[in-house]
Amino acid sequence: MIQDSLFDLIVLKFKLRTSKNKAIAFGLYLGEIQFLKNIISAWIDQMQNYPIVIAHEREETYEEFMQVFPSLKNVYHIYLCRLNQNIFSRKEIKLYMSSDANGLQNIYSIYSFHGQPSKGLTFSRGKLDAYDALFLYSPLQKEALEHFVKTELGNNKPDYLSLYEIGYTKSDDVINGCWKRNEVLKSLELPVNNSTVLYAPAFNKNASLRNHGLEIIKELCSNINFNVIAKLPVDCLQPPENEYANGGVNWFIELSKFEKKYVNFQVL
């Protein structure tokens, strides 16, 4: 059950304050549980006696979390906007982790990011000010951070900021052999004997999806010896009214038309 009213939040604050162990909170945004799933799983396995607070952007993120962890108990659910109102402190929540947006000033916060560094947007003064620690994906991301510190911060990394090179946890399941190629292709109803091309465009204005996405997919699908998978960015999960996120287009509906025309195409 999602906690929303002020009374619910006060009750939750009391429960967490009187708990034997402080809670850990995960901030989830639409479509971004994929970047935190393995981290949450590792925490559950190692820290079973600690309460967990899942802070959701919207109802869909709550439903997405429950699909990934259907049997998880001892979990409290609240909206992110409520968690950010300084109702909670380090007396109730040990740390907060998110793959997006801002950390919490009154709770130790870790930024786990939601993709490799790109577009000059990976780092900013506001994000470094709001987080106490960064989970870095790769040497490339660390290099991007060092460049930002040198050019924007006068080569003075904030003393409070801790860095941890944890790797790209989203790819752990692939490296560890959890996914089997033929099984995945069969589940997508794609020919298992074909090589596969992945088209994973950015969501931004002037990126390939908005300018030439339909033409690119049509050209790729014209070769029946290749499977084509379009992996849309999480921003495309936003409603078409969100012009910034998708240019006013429901790309899942638009690209699903190709699934009816080409047996070697799937959109995810």
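The values are calculated or read from the model by the stated rules, or taken from the named source; none is laboratory data. Everything numeric here is computed off the predicted structure, so don't read it as measured data. FYI the Cβ positions are ideal-geometry reconstructions off the backbone, even for glycines, and counts take in every protein chain you see. Protein only, heavy atoms only, side chains kept; ligands, DNA and RNA dropped before computing areas. Shrake-Rupley method; radii C 1.70, N 1.55, O 1.52, S 1.80 Å.
Residues of the chain were split at every exposed loop site, defined as GluC sites (Glu not before Pro) in a DSSP loop with at most 10 other C-beta atoms within 10 angstrom, and the longest piece left, sites excluded, is 1-188.
Here the simple spin-label model places points 7 Å from the Cα toward Cβ, and for LYS142 and ILE87 these points are separated by 4.0 nm. Among rounded, prolate and oblate, which fits region 69-194 when a ≥ b ≥ c are the square roots of the eigenvalues of its C-alpha gyration tensor, a/c under 1.5 means rounded, and a/b larger than b/c means prolate? Cα axes put region 69-194 in the oblate bin.
For the chain, with only Lys/Arg (+1) and Asp/Glu (-1) charged at the beta-carbon, what is the dipole magnitude about the Cα centre, in debye rounded to 20?
Values: 29 positive and 29 negative charges, 99 e Å.
It works out to roughly 480 debye.
Ligands, DNA and RNA aside, CYS178 has an accessible area near 80 Å² when probed at 1.4 Å.
If Lys and Arg each add +1 and Asp and Glu each add -1, what is the summed charge of the other residues whose beta carbon sits under 13 Å from the beta carbon of SER187?
+1
In the context of the full set of protein chains, residues of region 62-106 present 52 Å² of accessible surface per residue (probe radius 1.4 Å, heavy atoms only).
With a/c under 1.5 counting as rounded, go ahead and sort region 1-114 into rounded, prolate or oblate using the C-alpha gyration tensor (a ≥ b ≥ c being the square roots of the eigenvalues; past the cut-off, prolate if a/b is larger than b/c, else oblate). In terms of gyration-tensor shape, rounded.
Computed over protein heavy atoms with a 1.4 Å probe, the carbon and sulfur contribution to the accessible area of the chain reaches 53%. The relative contact order of the chain, computed from alpha carbon pairs under 8 Å that lie at least 6 residues apart in sequence, is 14 percent.
Here is how the number arises for the chain: DSSP H runs of 4 or more residues each give -39500 (n - 2.57), the sum is divided by the residue count, and the result at 222 nm is -10000 deg cm²/dmol.
Where does the chain land on Rg/Rh, using Cα atoms and the Kirkwood Rh?
On the way: Rg = 20.6 Å, Rh = 20.7 Å.
Looking at the chain, the ratio lands at 1.00.
Subtracting the Cα-Cα distance of ASN250 and ALA130 from 0.36 nm times their residue separation leaves 39.9 nm of extension gain.
For the chain, which longest stretch is free of loop sites, where a loop site is one of the chymotrypsin sites (Phe, Trp or Tyr not before Pro) that DSSP puts outside H, G, I, E and B and that has at most 14 other Cβ atoms within 10 Å?
Details: sites that count: TYR160, TRP179.
The longest uninterrupted stretch comes out as 1-159.
Of all lysines in the structure, those lying under 16 Å Cα to Cα from LYS13, and not within fewer than 8 positions of it along the same chain, are LYS22, LYS91, LYS94.
Between VAL263 and ASN49, the modelled labels are 5.8 nm apart [label points 7 Å from Cα along Cα→Cβ]. Listed by chain and number, the lysines whose alpha-carbon sits under 23 Å from that of LYS150, ignoring those within fewer than 8 places in the same chain, are LYS119, LYS127, LYS142.
With Cα atoms defining each centre, region 1-58 and region 238-267 are spaced 32 Å apart in the structure. Counting only protein heavy atoms and a 1.4 Å probe, region 111-190 has 62 square angstrom of accessible area per residue.
List the trypsin sites (Lys or Arg not before Pro) within region 75-109 that fall in a DSSP loop (any state other than H, G, I, E or B) and whose Cβ has at most 16 other Cβ atoms within 10 Å. Let's see the in-between values first.
Values: sites: ARG82, ARG90, LYS91, LYS94; in loops: ARG90, LYS91.
Counting only loop positions with at most 16 other Cβ atoms within 10 Å, the trypsin sites (Lys or Arg not before Pro) in region 75-109 are ARG90, LYS91.
Given axes a ≥ b ≥ c from the Cα gyration tensor, I'd like to know whether region 153-268 is rounded (a/c under 1.5), prolate (a/b larger than b/c) or oblate. Oblate shape, in that a/c is at least 1.5 and b/c is the bigger or equal ratio.
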